[in-house]
Amino acid sequence: MPILSYAFYRLPYADSYTLITSEQPPQEVDRPDRLGEIPGFVLFPFHQSAENPALLILPDCIKNYRLEPAGENILHNGKSETADVTQQPDSLYATAFDAFHDAVEKGAFRKLVLARSKTLALGNEMDVNDPQAMRSLFEKACRLYPRLMVMLYTTPKSGTWLVASPEILVDGKSRSMHTVALAGTMPFQEGHIDWSEKNKQEQHIVEQYIEGIITQMSSDVLKDGPVTMRAGNLVHLRTDFRFHLAQDISLGTLVQHLHPTPAVCGMPKQDAAGFIATHEGLDRRYYSGFAGPVDIQGETHLYVALRCAELHETTATLYAGGGIMPGSDCLSEWQETESKMKTIQHVLQ
């Protein structure tokens with residue numbers, strides 16, 4: 001039988017990666033709290049719908065491969081990942097930004113996340129349904145971004161996605177768990193990073209939210225941060241939380257409460273999700289959802305689907321977003337999304 005679905009994934013700093021293949025249709029997951037009942041590779045959208053269902057690839061075959069080392073080439077032969085400062089926001093983004101910024105300034109939200117997409121023509125046609133044909137692209141992403149979680153996955157319902165994410169949603173083994181509050185973005189530079197108040201406040205909102213969730217589900221939370229984390233040629237503020245999940249709390253329940261975090265949605269969360277659906281003008285699909293193995297080889301590694309693109313035979317649709325706060329500026333936010341998109345754009349060049 002032909003392979004219907006597959007998923008490559010490589011954990012940060014790992015020198016090997018895993019390929020999961022399946023000859024059966026992926027199983028739809030009706031609610032996030034059902035996660036963990038069956039091992040597999042999950043693809044969860046930002047917002048579940050008939051068009052964008054949550055899917056679980058049920059592995060027929062699991063193979064591990066060694067990744068041959070190749071030095072970290074973050075600067076891509078001297079090309080910076082920062083945006084072209086002469087480029088201006090398009091009218092759709094500018095209109096959405098005004099609506100988001102106005103809502104935050106008026107105090108309706110502490111934070112909102114505005115996302116956008118763009119489609120690029122690819123130089124060479126890709127056979128996205130063949131895992132062996134896509135393997136070299138995945139390995140290229142792994143070598144370019146050793147610090148990030150790199151994934152490339154496809155199902156008949158989701159299409160094919162390439163992800164190089166810095167953000168853990170839930171990472172763990174048995175009941176020992178790890179998550180992060182990741183927000184704030186600046187270009188990487190050597191030496192001390194002087195974080196703006198806007199970036200620090202944005203990250204603090206995410207940190208407060210995640211700490212509030214996990215302290216209800218664990219009595220032994222260890223918190224570390226915030227610290228500066230490098231991701232490609234960008235840096236973010238990151239706070240780590242390590243904890244043991246209480247015996248009466250399932251992995252799925254934890255995920256249900258965390259997703260989507262204010263890092264990709266806003267605060268208050270449910271109202272922010274509704275505002276995004278009405279005013280963003282974008283179907284995020286699987287961007288800013290999450291993906292990764294659930295209880296595969298005894299471990300779970302779920303990462304937020306950031307720095308990602310949906311791949312087609314001759315084009316790729318790139319997605320990126322940024323947190324809107326009272327101090328946000330439209331041009332700066334647009335340039336931040338351009339910088340984030342370049343992470344995947346460099347892989348596709």
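Listed values, structure above:
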item	result
Solvent-accessible area per residue for the chain (1.4 angstrom probe, square angstrom)	42
Segment 226-344 - percent relative contact order, Cα under 8 Å, separation 6 or more	16
Area of residue 219 that stays accessible when all protein chains are in place (1.4 Å probe, Å², to 10)	120
Estimated FRET transfer efficiency (residue 190, residue 283; beta-carbon r; R0 41 Å; 0.05)	0.55
Carbon plus sulfur fraction of accessible area for the chain, probe 1.4 Å, in percent	49
Top of 137, 19, 56 by mean-square fluctuation, Gaussian network on the chain, Cα under 10 Å	137
Relative contact order [Cα under 8 Å, 6+ residues apart], the chain, whole percent	28
Loop-located GluC sites (Glu not before Pro) in segment 175-261, at most 10 other Cβ atoms within 10 Å (DSSP)	190
Cα-based Rg and Dmax for the chain, where Dmax is the largest Cα-Cα distance (Å)	19.0, 57
Cα-based radius of gyration of segment 225-349 once divided by 2.2 N^0.38 Å, which approximates compact folds	1.19
Contour excess over end-to-end distance, with Cα ends at residue 106 and residue 24 and 0.36 nm allotted per residue	24.5 nm
Most to least packed among 265-275, 160-170, 251-261 [average Cβ atoms within 10 Å]	160-170, 251-261, 265-275
Alpha-carbon centroids, segment 323-341 and segment 165-235: separation in whole Å	19
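The values are calculated or read from the model by the stated rules, or taken from the named source; none is laboratory data. These numbers were taken from a predicted model, which means no experiment stands behind them. Here the Cβ is made from the backbone with ideal geometry for all residues, glycine too, and neighbour counts use every protein chain on show. Ligands, DNA and RNA are stripped out before the accessible areas are found, and what is left, the full protein with its side chains, is counted by its heavy atoms. Shrake-Rupley method; radii C 1.70, N 1.55, O 1.52, S 1.80 Å.
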